[in-house]
Every structure is written in structure tokens, then in C-alpha cells.
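Novice: Once you've had a glance at the structure underneath, I'll fire off some questions.
The values are calculated or read from the model by the stated rules, or taken from the named source; none is laboratory data. The structure presented is a predicted model; accordingly, all values stated were derived computationally and were not measured. Neighbour counts run over all protein chains shown; Cβ positions are idealised from the backbone, glycine included. Keep in mind that these areas ignore ligands, DNA and RNA; they rest on the heavy atoms of the full protein, side chains included. Shrake-Rupley method; radii C 1.70, N 1.55, O 1.52, S 1.80 Å.
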Amino acid sequence: DRDTDKKRIEELLEENMVLEIAQKQSMNESAHLGWELEQLSKSTDLADSEKSFVFELNECASSRILKLEKDNQSLQNTIQELRDASLTSKESSLKFVELEKENQQLSKKVMCSQEQ
């Protein structure tokens, strides 16, 4: 019986050692997987913050573009108004010159009539 018990104790000690080694390996793998998970989480957080930053930049650029397009349209309208005013001014100047000439001609006629 003693030999059987002794043999059984040796088997149990050996099995215990194998289980301890397996447990250490499992803990090492678990720690390594935890580290990998942490690294993935960090890279995901970084990617998310980069996406957020890019999104913010895009929104800012879009807003700026809309404002510039609105300013451009306003300037185009002002240019057109100035062109129209310039044409009106030129037309008025031409009329003024025509009226001035007509006035001079009429003045000459009046002077000639008075002399006669």
C-alpha cells in the first residue's frame, strides 16, 4: 500500500507541476493578449482622434469656402453695379456734350439774330 501511495503521490506531484507550468503559460499569454489589446485600443483612440481632427478641418474648410463664395458673389454684384453706373455716367457725359454743342449753336444763332 505504501508503494502504491508513494507512486500516487509522485504522479500527483508531477501532474501538479505540469498544471503549474500550464498556468504560468496561460498567465503569460493572458498578459501578452492584454498588452496587445491595450496597443490596439491606443491605436484605435489615435485613429478616432485623427478622424475627428480631419472631420473638424473639413467642416472648417467647408465653412470658409461657403463664406468666400458668398463674398465673391457680393463682389461680383458690386462690380456689375459699378459697370452699370459707369455706363450711365458715360451716357450722361455724352448727352451733356451734345447739349453743350447744341447750346453753343443756339447761342451763335441768337447772337447772329441780334446782330441783324
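Novice: Check whether at least one residue in segment 36-46 is modelled with pLDDT of 90 or more and either open to solvent by less than 90 Å² (accessible area, probe 1.4 Å) or not in a helix (DSSP H, G or I) (or both), and report yes or no.
Specialist: yes
Novice: Considering every residue within segment 61-71, establish whether at least one is at pLDDT below 90, open to solvent by less than 90 Å² (accessible area, probe 1.4 Å) and out of contact with any Gly (no Cβ under 6 Å at 6 or more places or on another chain).
Specialist: The first filter runs over segment 61-71 and keeps only residues at pLDDT below 90, leaving none.
No, there is no match, as no residue in segment 61-71 is at pLDDT below 90, open to solvent by less than 90 Å² (accessible area, probe 1.4 Å) and out of contact with any Gly (no Cβ under 6 Å at 6 or more places or on another chain).
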